[in-house]
Amino acid sequence: MTLNIREYLLIIITGIAAYSFIKIFLSSHSSIKESEKIRRESVLIYSMDKNKEKLSKEIEGMIIEGVPDKIFESRNGDFIIIDTVEFMRQDQEGFYKSQMGLYFLLVEKIYNRRPSYGIIENKRNNRFLKIDNADELRSEVLRSITGIRKAYSKDENIREIHRNHEESSRCSACPYRVDCDESLSL
């Protein structure tokens, strides 16, 4: 059976989401006070507000870019990524976990240090999701990058992919929303 590029990407994205949804229950939800402690006791080494530029690095043959809100170095030398979202529904946690997995890879490649964990702060409900930089997450993200790179090399029409949903929240979180003529986000 031969899959077209849309089917292949859907399988990759579904796999990441399923993996993340299952593993998400192993991650802990805690109050924002813990992330405030990190801010007080750690050194800020990158801030989206101060640096004004994306992190960018070639990983597995593709240029990967990301803009985490903040990267801290703790007293014991661990790197910790904090990313803040206005609102995160439970069904979106898988997306944010995968995004954090990409940030882990970018930080490791740029700073030559593997972050211990990351935090997604959910401002609306004053909670956060701690995501460990586990080998399983790393492997899944690397497999996805490799799969997307292979898809790009096989199909020159990959940029012809169209939106396949009616959810503005998915468009708001999509890294291609700026260039997408079909985006539902405002």
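The values are calculated or read from the model by the stated rules, or taken from the named source; none is laboratory data. These figures come from a predicted structure and were not determined experimentally. Don't worry about glycine lacking a Cβ; one is built from the backbone with ideal geometry, like all the others, and counts go over all protein chains shown.
Among what's in the stretch 124-142 and is among the aliphatic types (A, V, I, L, M) and surrounded by fewer than 18 Cβ atoms within 10 Å (Cβ to Cβ), pick the residue that is nearest to LYS57 (Cα to Cα).
The initial filter retains those residues of the stretch 124-142 that are among the aliphatic types (A, V, I, L, M), namely 129, 131, 134, 137, 141-142.
Now restrict to residues that are surrounded by fewer than 18 Cβ atoms within 10 Å (Cβ to Cβ): 134, 142.
Numbers: ALA134: 21, LEU142: 14 Å.
Filtering the stretch 124-142 for residues that are among the aliphatic types (A, V, I, L, M) and surrounded by fewer than 18 Cβ atoms within 10 Å (Cβ to Cβ), the one nearest to LYS57 (Cα to Cα) comes out as LEU142.
In summary, SER56 fulfils each of the numbered conditions (1) in contact with an Asp or Glu (Cβ under 8 Å, 6 or more places away or on another chain); (2) at pLDDT 85 or above with the single exception of condition (2).
Residues in the stretch 124-147 that are touching a strand residue (DSSP E or B) at 6+ places or on another chain (Cβ under 7 Å) and in contact (Cβ under 8 Å) with a residue 60 or more places away in the chain: ASN126, ARG127, PHE128, LEU129, LYS130, ILE131, ASP132, ILE145. For the stretch 50-64, a residue qualifies if it is closer than 13 Å to GLU108 by Cα and touching a residue at least 60 places away in the same chain (Cβ under 8 Å), and the qualifying residues are ILE59, ILE64.
Each row is one residue, and each column tells you yes or no for (1) in contact with a Phe, Trp or Tyr (Cβ under 9 Å, 6 or more places away or on another chain); (2) among the small types (Gly, Ala, Ser); (3) modelled with pLDDT of 85 or more.
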| position | (1), (2), (3) |
| --- | --- |
| GLU73 | yes, no, yes |
| GLU86 | no, no, no |
| TYR96 | no, no, no |
| LEU106 | no, no, yes |
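Number of residues in the stretch 19-53 that are under 30 Å from ILE148 (Cα atoms), among the basic types (Lys, Arg), modelled with pLDDT of 50 or more and assigned to a helix (DSSP H, G or I) equals 0.
Each residue in the stretch 101-154 was checked for being among the charged types (D, E, K, R), in contact with a Gly (Cβ under 8 Å, 6 or more places away or on another chain) and part of a strand (DSSP E or B), and 1 of them qualify.
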